[in-house]
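Trainee: Just dropping this structure here.
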């Protein structure tokens, strides 16, 4: 397959990155699991003692060695020294060599996947445009298998599907994380995604937000071609309904959006903020190549970038890091592991590998993308050091090289590459997301009184961040799930179901 359009990747990369917003209450008292859910349950007892574990609690504090985590009725009852006896009647799991982390809070996750790329004879995407595929069967299982116990869909092409999947999970009918459902993309009229809205009218934006808030959407997301006045109206309407709004922007730059009251910005600025593009036209998304070029010579320490950081922090605008989706386009970066390739349908894998092959034809392009990725990492570190709230999510879209769950682990690893300590990176992927969603009193850290949403990994990710991939048990509301069985149940399905 020829993929010439990927050689102009900056011009299209922004379009392949699909982003979102926050908030839904969780019930620590889970309903009785169905037979379908039960076959993935590894541990289920009213009183549990996870003994001799290392605890990385999600607060950014150093790991606590040789602890016992007591789980009672779906909640964390206590974290005590392992030398103390467990409570009478507890089911005891001796977990020497393991680490307990909070469940991951995925803040740019989807229940969809980029469809296999079908081009016409001119190597172009023919009308009506670029389609994505809902994978509502495989994605929830893969997220849960990786330890994602809460996720925000951060952009929906089938909002009713996402709402129904959330309902079925909450009812104990199918396995998956707690889901914060984002309404349909709020997009302008120049999009090449025919599954998205096309609006340039303030009244339409208000109607759309109000309708989907009434249907159960708890977050909203603006997209690349939305006009500034429409974005402002959408933000105002979302806030009126107690929801928050995020954006993967382009026609509106970061400073404009911050002044309009946006709550969150997706992906970070190096690939998406257009304020430094020369002669940018109002409410027009410039080519991706122009965005990348506008950031090439900007240093993170420059007055322009530091001023942007100060404004975002002052206005309390969060940034969602989505480093894996950028990395997937860098030809010099690792290809998918055999384990990940086995999760994909044959057509999805073929399409992704063809895209990677086309990208590798230009070493110069790979070098520029690597430099842009490094600059985005440096921005995110500087943003946090200045007091900004950084969230984490993989954005499983792009060229198909980011998979649900696997990408969440890779995001944490890339945050460490960016300069965060392992415990800081884990905090970004857990407590920070919970804080943004307004649920830090219930999830996000390993503390007494909170939901028992926990990950047990073999190893010490506080020293070797890649150990975060060694997930052995995932507890959601105190019920322990088997990651191997969850992944096995959807092997070869990513991209089709």
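No lab work stands behind these numbers, since they all come straight from the coordinates. Computed from a prediction, not measured in an experiment: that's the story for all the values here. Note: ideal-geometry Cβ built from the backbone for every residue, glycine included; neighbour counts use all protein chains shown.
Trainee: Counting each DSSP H run of 4 or more residues in the chain as -39500 (n - 2.57), what helix-only mean residue ellipticity at 222 nm follows after dividing by all residues, to the nearest 500 deg cm²/dmol?
Mentor: Details: 17 runs with 164 residues, N = 497.
Here the helix-only value at 222 nm equals -9500 deg cm²/dmol.
Trainee: Using only alpha carbon positions, build the gyration tensor of the stretch 238-385, then give the equivalent ellipsoid semi-axes as the square roots of 5 times its eigenvalues, largest first, whole angstrom. Write down the numbers at each step before the final one.
Mentor: Values: eigenvalues 176, 75, 45 Å².
Calculated on Cα positions only, the semi-axes equal 30, 19, 15 Å.
Trainee: Could the peptides 257-269, 422-434, 55-67 be put in order, highest first, of the mean number of other beta-carbon atoms found within 10 Å of their residues?
Mentor: Numbers: 257-269: 23.2, 422-434: 26.0, 55-67: 18.8.
Peptide ranking by packing, descending: 422-434, 257-269, 55-67.
Trainee: So if the hydrodynamic radius of the stretch 75-154 is defined as the Kirkwood radius over C-alpha pairs, what does Stokes-Einstein give as its diffusion coefficient at 10 °C and 1.306 mPa s, in µm² per second? Intermediate values should be presented prior to the final figure.
Mentor: Values: Rh = 17.2 Å.
Rounded, D is 92 µm²/s.
Trainee: Over the stretch 224-345, what relative contact order in percent results from Cα pairs under 8 Å that are six or more residues apart? Could you put the intermediate results ahead of the total?
Mentor: Working: 153 pairs, mean separation 29.9, N = 122.
Result for the stretch 224-345 is 25 percent.
Trainee: For residue 316 and residue 240 in one chain, what is 0.36 nm times their gap in residues minus the Cα-Cα distance, to one decimal in nm? Before the final figure, lay out the partial values.
Mentor: Working: separation 76, 0.36 × 76 = 27.36 nm, distance 1.82 nm.
Contour length minus the Cα-Cα distance gives 25.5 nm.
Trainee: I would also like to ask the following. Order of 346-355, 78-87 by packing, highest average Cβ count within 10 Å first? List each step's numbers first, then the result.
Mentor: Working: 346-355: 19.5, 78-87: 14.8.
For the peptides 346-355, 78-87, the packing ranking is 346-355, 78-87.
Trainee: Across bins of 10 angstrom width beginning at 0, how are the C-alpha pair distances of the stretch 101-215 distributed, in whole percent?
Mentor: Going from the shortest bin to the longest, the percentages are 13, 38, 30, 16, 2, 0.
Trainee: So what's the chain giving for Cα Rg divided by 2.2 N^0.38 Å, two decimals? Please list the in-between numbers first.
Mentor: Numbers: Rg = 21.6 Å, N = 497, 2.2 N^0.38 = 23.3 Å.
Normalised by 2.2 N^0.38 Å, the Cα Rg of the chain equals 0.93.
Trainee: Run the numbers on the chain and let me know its relative contact order in percent, using alpha-carbon pairs under 8 Å that are six or more apart. Please list the in-between numbers first.
Mentor: On the way: 1222 pairs, mean separation 120.9, N = 497.
Contact order relative to length: 24 percent.
Trainee: Then there is this: For the chain, find the longest principal axis of its Cα atoms and tell me its angle to the long axis of helix 202-215, 0 to 90°, nearest 10.
Mentor: Compared with the principal axis, the helix lies near 20 degrees.
Trainee: So, one more: Distance in nm between label sites at residue 44 and residue 279, each 7 Å beyond Cα in the beta-carbon direction?
Mentor: About 6.5 nm separates the two model spin labels.
Trainee: Would you kindly state how much longer the chain becomes between residue 211 and residue 92 on full extension, computed as 0.36 nm times their sequence separation minus their alpha carbon distance, in nm to one decimal? Write out the running numbers ahead of the final one.
Mentor: Values: separation 119, 0.36 × 119 = 42.84 nm, distance 4.83 nm.
This chain segment gains 38.0 nm when fully extended.
Trainee: Can I ask one more? Just the number, please: percent antiparallel of the DSSP beta bridges in the chain, rounded to the nearest 5. Let's see the in-between values first.
Mentor: On the way: 30 of 58 bridges.
Close to 50 percent.
Trainee: Find, to one decimal place in angstroms, the Kirkwood hydrodynamic radius of the stretch 378-497, where the mean of 1/r is taken over every pair of different Cα atoms and then inverted. Could you put the intermediate results ahead of the total?
Mentor: Working: mean 1/r = 0.0640 Å⁻¹.
Kirkwood radius, the stretch 378-497: 15.6 Å.
Trainee: Just to confirm my numbers, what's the Cα centroid distance between the stretch 445-489 and the stretch 255-277 in Å?
Mentor: 34 Å
Trainee: R0 = 60 Å: FRET efficiency of residue 203 with residue 463, Cβ-based, nearest 0.05?
Mentor: On the way: r = 55 Å, r/R0 = 0.92.
So the FRET efficiency works out to roughly 0.60.
Trainee: Here's a follow-up. Along the three principal axes, how long is the stretch 308-465 when you take its alpha carbons, biggest first, rounded to the nearest angstrom?
Mentor: Answer, in whole Å and largest first: 50, 37, 27 Å.
Trainee: I've got another one for you. Quick one: length gained pulling residue 167 to residue 255 fully straight, 0.36 nm per residue minus the C-alpha distance? If you can, show how the numbers build up before the last one.
Mentor: Details: separation 88, 0.36 × 88 = 31.68 nm, distance 3.68 nm.
Contour length minus the Cα-Cα distance gives 28.0 nm.
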